[in-house]
1. Just to verify a result, which residue in the range 203-228, among those that are surrounded by 11 or more Cβ atoms within 10 Å (Cβ to Cβ) and in contact with a Pro (Cβ under 7 Å, 6 or more places away or on another chain), is modelled with the highest pLDDT?
2. Looking at (1) within 25 Å of Val35 (Cα to Cα); (2) β-branched (Val, Ile, Thr); (3) buried (at least 18 other Cβ atoms within 10 Å of the Cβ), which is the only condition Val92 fails?
3. Could you list all residues from the range 183-200 that are assigned to a helix (DSSP H, G or I) and surrounded by 12 or more Cβ atoms within 10 Å (Cβ to Cβ)?
4. Could you check the range 133-154 and list, in sequence order, the residues that are among the basic types (Lys, Arg) and either over 23 Å from the mean Cα position of the chain (by Cα) or farther than 13 Å from Ser121 by Cα (or both)?
5. Residue by residue through the range 138-159, note down the ones that are of a type in the set (A, V, I, L, M) and closer than 16 Å to Ser112 by Cα.
6. So which pairs qualify, if the first residue must be in the range 125-145 and within 15 Å of Gly50 (Cα to Cα) and modelled with pLDDT under 80, the second must be surrounded by 11 or more Cβ atoms within 10 Å (Cβ to Cβ) and acidic (Asp, Glu), the Cβ gap must be under 8 Å, and the two must be at least 6 apart or on different chains?
7. Given (1) surrounded by 14 or more Cβ atoms within 10 Å (Cβ to Cβ); (2) out of contact with any helix residue (DSSP H, G or I) (no Cβ under 8 Å at 6 or more places or on another chain); (3) of a type in the set (A, V, I, L, M, F, W, C), identify the lone condition not met by Ala132.
Amino acid sequence: MLFGIAWDTSSDWAFAVSIFPILMKGLVVTLQATVVGFFIAVILGLIFAGLKASRLRVISWPAKLFTEFLRDTPLLVQLFFLYYVLPEYGIVLPAFMTGALALGLQYSAYMSEVYRAGLESVPLGQTEAARALDLSPRRTFMVIVLPQAVPRIIPAMGNYLVSIMKDVPLLSVVSVLEMLNVARIIGDRTFNYLIPLSMVGIIYLILTLIAAAGIRYLDQRLPKQGIPFR
């Protein structure tokens, strides 16, 4: 009895157990969208960081304007644009890939700033020493600068990974059956929203705690002097 309302705990537990496998299917989609979106953000973020660092304004300024546009417009607007506008020009993507691409584009703008900060934290003497050894700019960047920058930006990158995961529910607006959308559908059909939504909240909390622990582990384990690439 809670606030004068009879509460059938046994039936609630049975309901929770019965919908758990369905929520797990939604969880798989959530994790897939998170991984694909993060991968896109990591790759594009590095590309944007390199373009913005170019000494040629014809290269750096368009990259800066584009990333600023991505940062200053809502993810939902970008998602709608990719899903509804691109098909008018013959570019049709599946709902899942559209959502993952929107996540990746949005966070690539933030990730480019993370890369910039990490690259600028590497002492200039490292680049000068590589130049003195007659290493090419590409080899200097890939072997000397980037391996030293990555360990310093792991915490920031991890935070954006968690943010991407928590933004995945926005993909429900383009019919992606991620975990929260599955919970909403269950609530619509059973008129019981409390249990499925509570379960989703608990699962997200667990995922966030696991991700935070993984980020701390990497931050402590990766050598601050640089990753020894070969």
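1. That would be Ile215.
2. The single condition Val92 does not satisfy is (3).
3. Initially, the range 183-200 is screened for residues assigned to a helix (DSSP H, G or I), giving 183-190, 194-200.
Ala183, Arg184, Ile185, Ile186, Gly187, Thr190, Ile195, Pro196, Leu197, Ser198, Met199, Val200 - these are the residues of the range 183-200 that are assigned to a helix (DSSP H, G or I) and surrounded by 12 or more Cβ atoms within 10 Å (Cβ to Cβ).
4. Going residue by residue through the range 133-154, those that are among the basic types (Lys, Arg) are 138-139, 152.
Residues satisfying the conditions are Arg138, Arg139.
5. Taking the range 138-159 first, the residues of a type in the set (A, V, I, L, M) are 142-146, 149-150, 153-154, 156-157.
Of everything in the range 138-159, those that are of a type in the set (A, V, I, L, M) and closer than 16 Å to Ser112 by Cα turn out to be Val145, Leu146, Ala149, Val150, Ile153, Ile154, Ala156, Met157.
6. none
7. Condition (1) is where Ala132 drops out.
Residues checked against (1) touching a strand residue (DSSP E or B) at 6+ places or on another chain (Cβ under 8 Å); (2) touching a residue at least 12 places away in the same chain (Cβ under 8 Å); (3) part of a helix (DSSP H, G or I); (4) closer than 24 Å to Thr98 by Cβ:
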position	(1), (2), (3), (4)
Phe20	no, yes, yes, no
Leu23	no, yes, yes, yes
Gly26	no, yes, yes, yes
Val35	no, no, yes, yes
Leu44	no, yes, yes, yes
Ala49	no, yes, yes, no
Ser54	no, no, no, no
Ile59	no, no, yes, no
Ala63	no, yes, yes, yes
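The values are calculated or read from the model by the stated rules, or taken from the named source; none is laboratory data. This is a predicted model, so every value here is computed, not measured. Neighbour counts are summed over all protein chains in view; Cβ atoms, including those assigned to glycine, are modelled from backbone coordinates with ideal geometry.
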